[in-house]
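K.L.:
Below is the structure I would like to discuss, written out as structure tokens.
Every read-out reported here was derived from the displayed coordinates using simple, explicitly stated rules and does not represent laboratory data. The shown structure was predicted, so the numbers you read here are calculated from the model rather than taken from an experiment. Here the Cβ positions follow ideal geometry from the backbone for every residue, glycine too, while neighbour counts run over all protein chains shown.
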Amino acid sequence: MKFRSILKNHREFEQSIEDVIQYALDKIIVDLPGDKIIAKERNVLLEAFILKLCALWESFLEKEIVLSVSLDTKNLIETMELNKNKRLDTKLIRAILFSDTFRGFPDVNRLVNFAKRVIAEKYNPFFKITKEQKSKIHFTYAIRNYLSHYSSFSKKKLFSEYKRVFGYRNFLEPSKFLAKNKGKYFEDLANNFKIASVYMRKIFT
């Protein structure tokens, strides 16, 4: 029953990512006429989609962690120093892990380390995330953080990512970057979340 819930979480997440990609490619990243209003709308929507993708990923992660822990609660009990005889269902696990503090995982290595502490190794899907997938998620979150804050610090971090990944010498606003090559970069970053999910769910099949 719990495996079915986990696989459902993956299916719904992967479909949500696919829906965003298809809508962006079919309705937003197309050959636009020279209407500046349309171009501006495209820019706003592409940036909004990055925020949505990260939100979908974070919601997916929360469910994934809770459901994975529920398969074997020994690690959680030891890490949180809980009563060994305490019966933990998914509602209680969620309350223990997420009700008292905000847990965000823009850093995938931090996510993996956290998962290792609370999820039994046999049921830990986060070990399946590859180095390449981690790198792309890190890059996506650099864009997301800049769009969320527009601070000089977040801009500097994003520019560092541009230089690291693409060798850029000049800063490029995310909307222009995401629209390049008919949305190739947007599609790649979005699809990376889906691919990470596919790799992760292999541990449950």
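K.L.:
Taking LYS180 as the anchor, which aspartates and glutamates have their alpha carbon closer than 19 Å to its alpha carbon, excluding any fewer than eight residues away along the same chain?
P.N.:
Within the straight-line limit of under 19 Å, LYS180 reaches these aspartates and glutamates: ASP26, ASP31, ASP35, GLU41, GLU47, GLU161, ASP188.
K.L.:
Give me the tail of P(r) for segment 2-204 as a percent: Cα-Cα pairs with distance above 31 Å. Please list the in-between numbers first.
P.N.:
Working: 5378 of 20503 pairs.
Counting every Cα pair in segment 2-204, those more than 31 Å apart make up 26 percent.
K.L.:
What is the distance in Å between the Cα centres of segment 49-84 and segment 134-197?
P.N.:
One Cα centre to the other: 26 Å.
K.L.:
What do you get for trypsin sites (Lys or Arg not before Pro) in segment 79-164 restricted to DSSP loop and a cutoff of at most 15 other Cβ within 10 Å of the site's Cβ?
P.N.:
Sparse-neighbourhood loop trypsin sites (Lys or Arg not before Pro): LYS84, LYS86, ARG87, ARG103.
K.L.:
Loop sites only, by DSSP: take the chymotrypsin sites (Phe, Trp or Tyr not before Pro) in the chain that have at most 10 other C-beta atoms within 10 Å and name the longest stretch containing none of them.
P.N.:
1-101
K.L.:
Two decimals, Cα atoms only, Kirkwood Rh: what is Rg/Rh over segment 52-170? Could the numbers behind the result be given before it?
P.N.:
Details: Rg = 17.0 Å, Rh = 15.9 Å.
That ratio is 1.07, to two decimals.
K.L.:
Straight-line reach from LYS128: which lysines have Cα under 27 Å away, leaving out those fewer than 8 places along the same chain?
P.N.:
Cα-Cα hits under 27 Å: LYS2, LYS8, LYS52, LYS63, LYS74, LYS91, LYS116, LYS136, LYS157, LYS184, LYS194, LYS202.
K.L.:
What does the helix-only formula give at 222 nm for the chain: each DSSP H stretch with n ≥ 4 adding -39500 (n - 2.57), the total divided by the residues, and the result rounded to the nearest 500 deg cm²/dmol? Walk me through the numbers before you get to the answer.
P.N.:
Working: 8 runs with 145 residues, N = 205.
The per-residue figure over the chain is -24000 deg cm²/dmol.
K.L.:
A further question follows. Compute the orientation-averaged projected area for segment 82-121 from the convex hull of its Cα atoms and round it to one decimal in nm². Mind dumping the intermediate values first?
P.N.:
On the way: hull surface 14.0 nm².
Taking the Cα atoms of segment 82-121, their convex hull projects to 3.5 nm² on average.
K.L.:
Determine the relative contact order of the chain: mean sequence separation of Cα pairs under 8 Å and six or more apart, normalised by residue count, in whole percent.
P.N.:
Details: 180 pairs, mean separation 65.6, N = 205.
Relative CO of the chain lands at 32 percent.
K.L.:
For LYS86, which aspartates and glutamates qualify as cross-link partners when the Cα separation must be under 20 Å and same-chain residues fewer than eight apart are set aside?
P.N.:
Result set, ordered by chain and number: ASP72, GLU78, ASP100.
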